[in-house]
1. Any idea how many Lys pairs in the chain come in under 28 angstrom at the alpha carbon, given 8 or more places apart or on separate chains?
2. Dividing the convex hull volume of the alpha carbon atoms of the range 220-376 by its residue count, what do you get in Å³ per residue?
3. Could you order the peptides 245-253, 312-320 from most to least packed, using the average number of other C-beta atoms within 10 Å per residue?
4. What is the antiparallel percent of DSSP beta bridges lying wholly in the chain, to the nearest 5?
5. Using only Cα atoms, tell me the angle between helix 30-51 and the longest principal axis of the chain; keep it within 0 to 90° and round to the nearest 10.
6. Mind checking the angle between helix 270-281 and the chain's longest principal axis? C-alpha axes, 0 to 90 degrees, to the nearest 10.
7. Shape of the range 188-235 from its Cα gyration tensor (a ≥ b ≥ c, root eigenvalues): rounded if a/c is under 1.5, otherwise prolate when a/b > b/c, or oblate?
8. Evaluate E = 1/(1 + (r/R0)^6) for R65 and E361, where r is the Cβ-Cβ distance and R0 equals 25 Å; express this FRET efficiency to the nearest 0.05.
Amino acid sequence: MTRIVSTLCAVAITVLLPVAAPANPAPKTQAAKRDANALARAFMLEKMAAKRIPGAQIAVVRGGRIVMSGAFGVANVEHQVAVTPDTVFPINSATKSFTGVAAMQLVEVGKLDLDAPISQYIDGLPAGWQAIRVRQLLAHTSGLPDIVGGNGLIGSGGEAAAWAAVKALPMESVAGTRFAYNQTNYALLAQIIDKQSGMPFADYLAAKQFKPAGMTHVRFGDGFDIVPHAATPYSFYGAGHGGAVTTVLGRWRDDLPPFTRTGAGMNASAREIAGWIVALQGGKLLTKPDSLTRLWTAETLNNGTPNAWAMGWPVVRAAPHRIVGGIGGGRAAFFIYPDDDLAIVVLTNLVGSDPQGFIDEIAALYAPSIAGSTRN
């Protein structure tokens, strides 16, 4: 998914990871559930070796509980610090799924209307922005220009200059006509959540999601912040090599200004995200019967076709074996299979590892019918 901006410092490092045999389909017996866990661990080790991923975590949710959690490799290559179950990884744009839940929580208590124009909640908007609906921010169908460019925030520097610059730009499309991923949508949602909840969005998420879900290690922050127990991000995209893919592992630094962190700012562990999924599906975070359905139903464009996103959640696959999830930074992803009673979380510290590309293979170890499904 889209990142804000990152700088890299390439350093020559050798990463040694064990190689495991390829995973085989899991049988359907009770013993096979244990076998599926072993196969998932072996699969992760194989992927880490193939992609040269320094460190990773996996967690699997089935039947309303965490059935497997694993930590692999190193969180920091330079000092050979091992990944533990409590290591937190930047999840980047997967943060947007948490923001979607926050919006739906405010809907449940009557403080937010997804169909209301955003001008109902935010003052001083350009005339062309005022009729955009809240749900169109969540689903990236607003048509707004992006407050983030190729080199970070647009404007002459800082939040105020970025807002002045983006508000002076024309709309990129009529609201509701097409999907266009950008960070302006979620920066505006931060303002709405702040105002309607009566507290900064980070405090709101801490009180209404992290605490009920038992997430004690999760933190907001970017590459310039000190985040306890955080894995160091790496990549093989070297700024000193013209931005091309190299064989040299280098550090990766995300620059995520605080006002954009509803879109890409969380650091969390796979085990705690899995616990959050359990809490979400178990009615601890959303209490009304139709809230999850509304949260995970793709927004409909003006021409009647389904959008690529729901309310803060990408609809990774509509059918068969529906998937909604969170994907961030080319290194973090969690998939929920609502019709298969299954969820998989994979976090890594390698930009470009793209776990969203192989989570389906892990899911097939637990639900073999998923194998061979086609992404929509």
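1. 28
2. Dividing the Cα hull volume of the range 220-376 by its residues yields 167 Å³.
3. By packing density, highest mean first, the sequence is 312-320, 245-253.
4. 95 percent
5. Tilt relative to the chain: about 80 degrees.
6. So the inclination is approximately 60 degrees.
7. It is oblate, given that a/c is not under 1.5 and a/b is not larger than b/c.
8. Approximately 0.65, to the nearest 0.05.
Since every read-out is calculated from the coordinates, none of them should be taken as a lab result. Keep in mind the model is a prediction, meaning the values are calculated, not measured. For neighbour counting, all protein chains shown are included, and Cβ atoms are generated from backbone atoms with ideal geometry for every residue, glycine included.
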